[in-house]
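Following: one structure in structure tokens, then a few remarks.
The values are calculated or read from the model by the stated rules, or taken from the named source; none is laboratory data. Everything quoted here is computed from the prediction, not taken from an experiment. Cβ placement follows ideal geometry from the backbone for every residue including glycine, while neighbour counts extend to all protein chains displayed. Please note that ligands, DNA and RNA were not included when accessible areas were found on the heavy atoms of the full protein model with its side chains. Shrake-Rupley method; radii C 1.70, N 1.55, O 1.52, S 1.80 Å.
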Amino acid sequence: MKKSKIIAGVAAIAAAVAAGMLWMNGDTSADDVASHTVLTSQPPGAADADAVARGRAYVAIASDCTACHTMPESKLSLAGGYSISTPFGGIYASNITPDSETGIGSWTERDFFRAVRHGKGKQGEHLYPAMPYNAYVKLTDQDMHDLWMYIRSVKPIHYHVPETNLGFPYNIRLAMMGWNLLFFKNEGFKADPTKSAAWNRGAYLVEGPEHCAACHTAKNLLGGDTDAYLQGSNLSEWHAPDITPNPHTGIGRWTEQQLVDYLKLGSNHVAVASGPMAEAVTNSTQHLTDTDLRAIAAYLKEVPASDVQRPQPEAADSAQMKMGENVYAANCTACHNYDGKGIPNLAASLAGNSGLLADDASSIITTVLQGGRGAVTAGNPTSGAMPSFAWKLSDEQVAAVSTYLRNSWGNAAKPVKADEVAGKRAVLKLPPQMAAH
Ligand code: HEC
Ligand code: HEC
Ligand code: HEC
């Protein structure tokens, strides 16, 4: 099964390389900078102070360049070296400080536009789409210019990023030409005149700088976006949930204010952002203006809803549900309560929490095994923490308590199997459950 999948992937990428070769002559993608935009290779001067400030305080934060271009825990801001894991292997993010030898100090503004919006390196080589240029292609010239001015103003850091070395055939950068042909929509943001200004601003932020689809839209075998826009995607340890207005698995039961709260505080009436979303909230969305957060909420409420239906809940008296109820009563009620409602803005409510009801239970299993910490934000600085249960609960018990919380208090979702839990333990590199008890 696994082998045939890999072979299919290789065949597909070979086809993509071939398509790329054919496409080569017609590859004119790079240069569509609006003619009124003045591109410069001068470092920012006094006259550029506003652009630098806007680039730093808004564009770079909204697009969260730091998330990938700064190693976690490192003080080497934007110096790269962080390995982004993909199904094809780890890809190192580049040093984008203005160091002329190891960073992008010798680049022109046009080189920068090409890299960020079109995925082309300085020599015209193809960047891997782990750099989300398929979202950043929507950035306006103004935002790009401010971003460039800011990036030019940061401290140059001399740091050689290790070379990315993927296995064949993914090491062939030219293959990305085929990838682009298949999956890269080389189009700037187009406002929809039939929609409100707020909707358009929300669409711009979500599709462009904030690149929400990078995590929330499911990918195909080659890592391209499927058509299931924002309908949820697996990120290995985590599941980025459906954020369309589906009333069961999506944000259909959330008000716009509840969406704003989540993106600003990291939590709301039910959900607490943890894992990769906690990082997105802490580093990026909490810093957006309230007007922009409301625009995002207004836009999300109008995205076409996924068509997932609420399944029949598991019978409360099945053997797995009974085991889950016991595990829950002994280990979880202190924080999440018997009614599953948790502690508002601290311990997530498990009742009515749509983010926990996808078929994919990765986030639940990961949280129970390794514990977690909610997003820390200016508006909610004392986020709650959940202890790890990997040492205490067996795979059967974790599966049972996950199934129980997904099918109690009005929730309904596919039961979780013990081998899914074993798989997560392996990915998370956690020891198997220790002594029997
Ligand atoms: C999700 C992770 C991610 C985010 C977010 C991200 N990048 Fe990248 N970026 C990468 C990776 C990975 C590479 C290296 C790609 C490769 O080797 O093909 C890269 C490469 C680049 C390069 C090319 C550098 C070179 O030497 O060729 C530039 C410039 C760049 N990024 C700028 C930015 C800017 C500006 C932002 C914010 C607007 C940003 N990136 C956000 C992952 C990211
Ligand atoms: C780096 C990956 C990543 C990015 C980028 C990202 N998300 Fe998320 N998002 C996640 C994950 C993972 C979760 C689940 C978090 C959890 O279980 O606590 C999540 C949860 C959410 C939820 C809660 C849904 C629910 O039902 O509980 C909302 C709303 C959301 N994201 C909106 C957004 C928006 C809007 C953006 C862009 C501004 C965005 N996300 C960008 C990974 C991401
Ligand atoms: C000491 C308090 C505490 C205990 C005990 C506890 N939790 Fe939590 N739980 C939290 C907090 C705080 C959060 C929010 C932060 C986070 O998501 O990591 C949370 C979040 C969760 C989430 C939401 C994860 C997501 O992706 O949104 C699930 C599921 C969960 N807990 C299940 C359980 C289960 C099952 C147990 C018992 C085996 C349990 N918790 C025991 C405090 C606790």
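Could you please let me know if Ala218 is of a type in the set (Gly, Ala, Ser), over 25 Å from His336 (Cβ atoms) and open to solvent by 40 Å² or more (accessible area, probe 1.4 Å)? When the stated conditions are applied, Ala218 does not pass them. For the range 64-171, the helices (runs of 4 or more DSSP H) that sit wholly inside it and include 2 or more residues that are away from ligand 3 (no atom under 16 Å from the Cβ) and open to solvent by 20 Å² or more (accessible area, probe 1.4 Å) are 65-69, 109-118, 141-153. Are there helices (runs of 4 or more DSSP H) fully within the range 208-307 with at least 3 residues that are within 14 Å of ligand 1 (Cβ to nearest atom)? List them. In the range 208-307, 213-216, 275-283 are the helices (runs of 4 or more DSSP H) which contain 3 or more residues that are within 14 Å of ligand 1 (Cβ to nearest atom). For beta carbons closer than 9 Å, sequence separation of 6+ or different chains, a first residue in the range 339-353 that is in a loop (DSSP other than H, G, I, E, B) and a second that is open to solvent by less than 70 Å² (accessible area, probe 1.4 Å) and charged (D, E, K, R), the qualifying pairs are Asn345/Asp261; Leu350/Arg406. Residues in the range 107-128 that are within 18 Å of Gly178 (Cα to Cα) and touching a strand residue (DSSP E or B) at 6+ places or on another chain (Cβ under 9 Å): 6 in all.
The residues in the range 192-204 that are open to solvent by less than 70 Å² (accessible area, probe 1.4 Å) and of a type in the set (A, V, I, L, M) can be counted, and the count is 2. Does Gly224 satisfy being in contact with a helix residue (DSSP H, G or I) (Cβ under 9 Å, 6 or more places away or on another chain), open to solvent by less than 20 Å² (accessible area, probe 1.4 Å) and more than 27 Å from Ser349 (Cβ to Cβ)? So Gly224 fits the description; yes. Evaluating Ser236 against the criteria (1) open to solvent by 40 Å² or more (accessible area, probe 1.4 Å); (2) more than 16 Å from ligand 3 (Cβ to nearest atom) leaves one unmet condition, (2). Find the residue count for the range 346-359, including only residues that are more than 10 Å from ligand 3 (Cβ to nearest atom) and crowded, with 20+ Cβ neighbours inside 10 Å. So the count comes out to 3.
Against the conditions (1) more than 27 Å from Tyr58 (Cβ to Cβ); (2) in contact (Cβ under 8 Å) with a residue 40 or more places away in the chain; (3) in contact with a strand residue (DSSP E or B) (Cβ under 6 Å, 6 or more places away or on another chain), Leu222 satisfies every one except (3).
Just for the range 394-409: of the residues that are within 11 Å of Glu314 (Cα to Cα) and not hydrophobic (A, V, I, L, M, F, W, C), which one is most open to solvent (accessible area, probe 1.4 Å)? Filtering the range 394-409 for residues that are within 11 Å of Glu314 (Cα to Cα) and not hydrophobic (A, V, I, L, M, F, W, C), the one most open to solvent (accessible area, probe 1.4 Å) comes out as Tyr404. Among the residues of the range 97-104, is any assigned by TED's automatic domain parsing to the domain that holds Arg54 and on the phi > 0 side of the Ramachandran plot? No, every residue in the range 97-104 fails to be assigned by TED's automatic domain parsing to the domain that holds Arg54 and on the phi > 0 side of the Ramachandran plot.
Scanning the range 421-435 for residues that are closer than 29 Å to Thr86 by Cα, away from ligand 2 (no atom under 16 Å from the Cβ) and open to solvent by 30 Å² or more (accessible area, probe 1.4 Å) turns up Ala422, Gly423, Ala426, Lys429, Leu430, Pro431, Pro432, Gln433. Selection of the range 367-378 for residues being part of a loop (DSSP other than H, G, I, E, B) and surrounded by 20 or more Cβ atoms within 10 Å (Cβ to Cβ) yields Gly374, Ala375. Selection of first residues in the range 317-338 that are open to solvent by 90 Å² or more (accessible area, probe 1.4 Å) and of second residues that are in a helix (DSSP H, G or I), restricted to Cβ pairs under 8 Å at least 6 apart or on distinct chains, gives the following pairs, ordered by first then second residue: Tyr338/Ala329. Residues in the range 180-191: is at least one within 17 Å of Asp292 (Cβ to Cβ), more than 15 Å from ligand 1 (Cβ to nearest atom) and not assigned by TED's automatic domain parsing to the domain that holds Thr97? Yes, because at least one residue in the range 180-191 is within 17 Å of Asp292 (Cβ to Cβ), more than 15 Å from ligand 1 (Cβ to nearest atom) and not assigned by TED's automatic domain parsing to the domain that holds Thr97.
Within the range 379-415, the set of residues being more than 18 Å from Pro311 (Cα to Cα), in contact with a helix residue (DSSP H, G or I) (Cβ under 7 Å, 6 or more places away or on another chain) and in a loop (DSSP other than H, G, I, E, B) comprises Gly379, Ser388, Phe389, Ala390, Leu393.
It is to be established whether one or more residues within the range 369-379 are under 21 Å from Pro247 (Cα atoms) and more than 16 Å from ligand 1 (Cβ to nearest atom). No, the range 369-379 contains no residue that is under 21 Å from Pro247 (Cα atoms) and more than 16 Å from ligand 1 (Cβ to nearest atom).
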